[in-house]
Structure formats: structure tokens, C-alpha cells
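Down below is the structure, laid out as C-alpha cells.
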Amino acid sequence: MAENGKRKASDLFIECLEREGVEYIFGVPGEENLDLLDSLSRSRQIKLILTRHEQGAGFMAATYGRHTGKAGVCLSTLGPGATNLVTAAAYATLGGMPMLMITGQKPIKKSKQGRFQILDVVSMMQPITKYAHQMASSDNIPSRLREAFRIAEEEKPGATHLELPEDIADEQTDSRPIPRSMVRRPTADMKSVVQAVEALERARRPLLIIGAGANRKMTSNMLNEFVEKTGIPFLTTQLGKGVIDERHSRFLGCAALSAGDFVHRAIEDSDCILNIGHDVIEKPPFFMHNAGERDERVVIHVSTKTAEVDPVYFPHIEVIGDIANAIWQIKEAVTPSANWSFDEMLRYRRAEVKHTTGLAADERFPIFPPHLVQQVRDALPDDAIICLDNGVYKIWFARGYCACRPNTVLLDNALATMGAGLPSAMASAMVYPDRKILAICGDGGFMMNSQEMETAVRLGLNLTVLILNDSAYGMIRWKQANMGFADFGLTYGNPDFVHYARSYGANGYRVESAGHLRELLAHCRDTPGVHLIDCPVDYSENDRILNVEIKEMSRAL
């Protein structure tokens with residue numbers, strides 16, 4: 001600090017990040033970040049995680065935020081570095097993951113190199129973030145940083161962005177960090193709770209649906225108590241998996257398919273839906289119809305914010321406030337009704353389990369997806385975290401993988417981007433170094449950020465990457481077949497993934513049979529380091545089973 005009480009703006013910036021509790025900055029620094037990088041080098045609290053692409057850094061920061069509820073921080077230079085963060089920004093904002101992006105910029109008070117590399121990054125980020133701001137004065141660094149963290153972390157969480165130009169970072173300032181305030185979420189209004197309770201008690205076949213918002217907050221215990229007291233069955237969206245242990249006898253399944261699955265028959269059978277933490281960004285597990293047409297179900301929306309009105313979602317009753325507190329209030333007030341009947345809903349679930357169990361027993365090679373899902377579940381402890389990239393396997397895992405704890409199945413059912421599987425597993429391994437971490441990627445998604453294998457090895461992380469190898473963009477190929485189009489334009493060649501992994505200093509293996517997969521999963525689980533398993537998969541029956549067989553069987557019930 002200078003004798004006049006001032007210090008360099010970049011030093012203040014890092015001190016503000018420290019006051020926010022930041023542990024890591026993920027990123028690829030550029031020339032315009034060098035003042036900030038120099039200040040960061042003296043921090044005893046914040047560690048720089050140097051990645052091989054800004055997108056990987058953004059996915060890691062978002063996943064850190066997803067696990068902790070605290071904004072993950074990522075860093076890039078101006079121009080091309082900032083554009084590489086765009087997909088990660090959308091991933092965080094749509095997926096409800098708190099994240100702060102810091103990008104550099106040329107000096108704004110005088111031109112150094114004309115317009116070289118200069119984009120209006122703030123305007124670019126505004127549509128896909130909750131807040132985007134250029135620092136035009138070093139005196140405002142504390143207030144703008146505090147605001148960026150506040151907005152990123154409050155419901156619904158998402159990405160925020162601050163641009164720090166070179167000349168602002170080099171300024172002298174006497175500003176001081178602004179401390180975090182103590183904030184408690186408001187509790188739900190008693191009158192709305194009474195309305196919800198009355199609707200449940202009037203119903204004959206009430207149903208609980210658990211969505212993304214319930215997985216972000218500590219709702220697990222209260223929802224468990226609610227189900228234990230009432231006996232009301234529950235199902236989840238893809239982003240709601242694991243909030244309640246899915247081994248529970250009242251679990252009805254996950255709405256992984258858009259329609260026609262066994263779980264959708266249970267929804268159709270209900271006359272009152274208690275919808276917890278629903279977000280219209282997810283494919284809706286059910287569709288509402290205009291009042292008076294043919295849908296007489298009562299829908300109760302329980303969330304931190306009022307429902308975003310949509311043509312297929314317009315709830316009748318809204319209970320707004322802290323979700324866990326709202327569930328506690330409803331649980332305390334509701335009296336289980338002798339008129340409730342769940343026999344049909346539970347019959348649909350038994351039929352689904354019987355069908356899935358039969359599929360999972362198929363030990364063909366290349367590996368059959370339902371069998372692979374069961375092998376992964378059998379190999380991992382309850383608190384293990386699987387991190388799914390995006391592909392048709394996501395549907396198989398959402399339907400068939402039994403999630404035992406919250407946030408142990410990290411998938412993206414919001415932006416649904418490819419390329420996030422490996423970086424999200426890396427961030428998970430950093431947040432939870434004592435837990436088993438498995439990234440599950442298609443060959444297409446893995447190759448979009450495969451360079452981060454070097455980062456994982458350099459950081460000394462313990463994780464396994466399971467590549468489902470079909471040499472194609474399998475999800476789109478499945479849709480192509482479903483729509484009756486010719487098989488065209490979606491296949492490619494792959495590198496030798498075993499040698500590819502070893503070239504980074506990781507361990508590489510190739511599955512040769514169903515029994516061999518079982519051995520490899522156990523070996524990688526029990527052996528420290530970074531592992532890659534190349535697993536050939538048989539997707540030939542995706543269309544028949546997911547589009548035809550399941551719908552026909554559930555309809556027949």
C-alpha cells in the first residue's frame with residue numbers, strides 16, 4: 001500500500017474476492033489480465049487453476065457453484081478468450097449455477113492498439129447472464145464485486161460478468177472491500193400454505209414432483225419427513241434426482257423421456273400435484289391444459305419465486321418462500337386422508353422396475369446401455385458423484401440410475417450442452433476429494449474438452465472418465481431414426497482413446513466384455529489418479545425401446 005493510503009486496484013480486486021471466500025479462479029489469463037494475475041500471485045487464499053480452454057474453466061467454475069452454493073470464479077482475456085466463456089455462461093444461467101466471470105479489456109481511457117481484439121463483451125454477455133458490467137473506475141470495485149456475487153448466488157442462481165480493463169486494474173484507489181451481509185430467505189405466507197394443505201386433503205391421488213430448485217437448497221430432510229408422514233409418492237425431473245433417496249418405496253421414477261413413459265402414466269393418474277422447485281427451463285414432466293378443457297388436476301407450485309407463466313404451466317396455488325420451510329409448514333398442517341389411493345401409481349412403478357431389470361441383465365458386447373447403467377451403480381458407493389456429458393445415455397442414466405443423495409447425479413437438462421462432463425467431474429473432485437467421481441461422456445462430448453485431461457493430471461485429481469464409444473453423435477442419430485430420416489451425416493472416426501489418455505499421463509483401458517467392464521470400474525474406483533475407460537456401446541435398440549416399447553407397455557397398463 002502506498003504512503004497516501006492508496007493501493008493498486010488489482011490488489012483491491014483480489015482482496016475483495018478473498019473477502020467473498022473465493023478458493024479458486026479457473027481460467028486462461030491473457031495480456032490484459034497481467035495486473036490481476038500479478039496481484040493473485042501474492043494471495044495466500046486463492047489458487048489459480050490454469051485450464052487448457054476457457055470453456056473448461058467456465059464449466060468448472062459453474063460446477064463449483066452448483067456444489068457449494070457460492071459463486072465459482074473464472075477468468076479470461078478479452079475478445080477470443082471472452083467469447084470462449086459464452087457457452088459456460090449460458091450453462092450456468094440456465095442451469096441455476098452461481099458463477100462470476102472476469103474478463104480483461106484494453107485500456108478504456110486511451111487507445112493502445114486501435115480496435116485490435118476489441119468486442120463489446122459486456123453487451124455480448126448481458127442476454128446470458130444475470131448481471132454484466134464494465135469497471136470504469138477502480139473506486140467502484142468493492143461495490144460492483146459485492147453486487148456480482150449477490151446476484152449470482154440469490155435464487156435463481158446464475159452467471160454474472162465483470163470486465164476489468166487494463167488501465168482500471170493499474171489505477172490507485174483508497175476504496176475498501178464491502179463485507180457480505182447476512183441474508184435469510186423469507187418464509188412462505190401462512191394463507192398460501194393453508195390453501196395447499198386444503199387442496200391436498202381434498203385430493204384422492206396426490207403426487208409430489210421434485211425439480212431443480214429442490215436440489216439447490218437443503219430440502220432433503222424436510223421432503224423425506226413429508227413423504228414419511230403422508231405416504232404421498234414422489235417422482236423427479238432430471239435435475240431433481242437424488243433429493244430423496246430413490247430406493248424409497250414411494251419413488252415413482254424420473255421423468256427422463258418427454259412423454260409416454262411409465263412415470264407419465266402415474267402423473268396422468270394424479271388429481272393434485274405438489275410441484276417442488278419447478279423450473280420451466282427443464283422439459284416439463286407434465287403439461288397443463290387451459291382451464292375448463294380437460295385437465296382438472298390442481299397444481300401447487302412450491303418454490304422461492306413465483307411460477308414463470310408458460311402455455312403448459314400455470315399453477316393454481318403458489319407457496320413462495322424458502323422451500324424447506326414451506327414443506328415443513330405443509331407437513332405440520334396436513335392430515336393424511338383415508339381417501340388417498342396410490343395403488344395405480346405404484347403399479348406403474350413396479351412395471352417399470354420389472355422392465356428395466358430385464359434390460360439390465362443383458363450382458364451383450366458392445367455394452368448394452370441399461371446394463372452399463374446398472375454396472376456403474378453397482379460399482380459406486382452411495383455418495384459417489386457421476387457427471388454426465390450430453391448424449392442419449394443421459395436418458396438411460398436418468399431413468400435407470402438410482403440416486404441416493406442430492407447432487408450426486410450431475411447432468412444438464414437446461415442448456416444441455418456437450419463438453420461439460422469432464423470439467424464438471426474435475427470440479428467435483430476438487431470440492432469432494434474423498435468421494436468417488438466418475439465422468440460419463442459420449443465420444444463426441446468428451447472430445448469437445450478432452451484437453452482438460454492434462455489439467456486433471458497436473459492437479460493430481462482422482463477421477464475416472466467412462467467414454468461410451470459409438471463413433472457417432474448418438475443422440476441426434478436416435479432422433480433422426482425416430483423421425484424416419486435416412487442415417488446420414490452423424491458418424492465419424494475416433495482416436496485410440498487408450499493411447500490418448502496415456503499421452504497426457506493418465507491411465508487408459510479398453511472394455512472387452514461385460515465382465516471386463518465390471519473389473520475395470522472396480523479397479524479405477526480403488527486406484528488413485530486419472531483413469532479413462534473406452535467402452536464400446538450398442539445403441540442399436542435405442543429407438544425401439546425408448547420410442548416404441550416403453551410407450552406401448554405403459555399404455556397397455
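Listed values, structure above:
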read-out: Test: residue in region 546-555 that is under 24 Å from the mean Cα position of the chain (by Cα), on the phi < 0 side of the Ramachandran plot and open to solvent by less than 10 Å² (accessible area, probe 1.4 Å); value: yes
read-out: Sole exception among (1) in contact with a helix residue (DSSP H, G or I) (Cβ under 9 Å, 6 or more places away or on another chain); (2) touching a residue at least 60 places away in the same chain (Cβ under 8 Å) for residue 513, by number; value: (1)
read-out: Evaluation of residue 497 against (1) buried (at least 16 other Cβ atoms within 10 Å of the Cβ); (2) modelled with pLDDT under 95 (one fails), failing number; value: (2)
read-out: Selection count where residues are among the aliphatic types (A, V, I, L, M), open to solvent by 10 Å² or more (accessible area, probe 1.4 Å) and touching a strand residue (DSSP E or B) at 6+ places or on another chain (Cβ under 8 Å), scope region 389-428; value: 1
read-out: Near pairs, Cβ below 6 angstrom, 6+ apart or cross-chain, from region 99-116 (over 22 Å from residue 65 (Cβ atoms) and open to solvent by 80 Å² or more (accessible area, probe 1.4 Å)) to any residue that is at pLDDT below 95 and in a loop (DSSP other than H, G, I, E, B); value: 112/106
read-out: Residues of region 366-396 that turn out to be outside any helix (DSSP H, G or I), over 14 Å from residue 439 (Cβ atoms) and modelled with pLDDT of 95 or more, as a count; value: 6
read-out: Per-region count, region 432-446, residues within 15 Å of residue 456 (Cα to Cα) and open to solvent by 40 Å² or more (accessible area, probe 1.4 Å); value: 3
read-out: Pair list, Cβ under 6 Å, 6 or more apart: region 267-286 residue open to solvent by 20 Å² or more (accessible area, probe 1.4 Å), other residue at pLDDT below 90 and of a type in the set (S, T, N, Q); value: 283/258
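So that you can scan it fast, the table gives a plain yes or no per residue for (1) assigned to a loop (DSSP other than H, G, I, E, B); (2) charged (D, E, K, R); (3) within 22 Å of residue 122 (Cα to Cα):
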{"residue": "42", "(1), (2), (3)": "yes, yes, no"}
{"residue": "48", "(1), (2), (3)": "no, no, no"}
{"residue": "56", "(1), (2), (3)": "no, no, yes"}
{"residue": "60", "(1), (2), (3)": "no, no, yes"}
{"residue": "66", "(1), (2), (3)": "no, yes, no"}
{"residue": "70", "(1), (2), (3)": "yes, yes, no"}
{"residue": "73", "(1), (2), (3)": "no, no, yes"}
{"residue": "80", "(1), (2), (3)": "no, no, yes"}
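So that you can scan it fast, the table gives a plain yes or no per residue for (1) among the aliphatic types (A, V, I, L, M); (2) open to solvent by 40 Å² or more (accessible area, probe 1.4 Å):
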position: 301; (1), (2): no, no
position: 323; (1), (2): yes, no
position: 330; (1), (2): yes, no
position: 335; (1), (2): no, yes
position: 338; (1), (2): yes, yes
position: 345; (1), (2): yes, no
position: 359; (1), (2): yes, no
position: 364; (1), (2): no, yes
position: 378; (1), (2): no, yes
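The values are calculated or read from the model by the stated rules, or taken from the named source; none is laboratory data. None of these values were measured; they are calculated from a predicted model. Cβ sites come from the backbone with ideal geometry, for glycine too, and all protein chains shown count toward neighbours. For the accessible areas, the whole protein counts, side chains as well, though only heavy atoms, and no ligand, DNA or RNA atoms are used. Shrake-Rupley method; radii C 1.70, N 1.55, O 1.52, S 1.80 Å.
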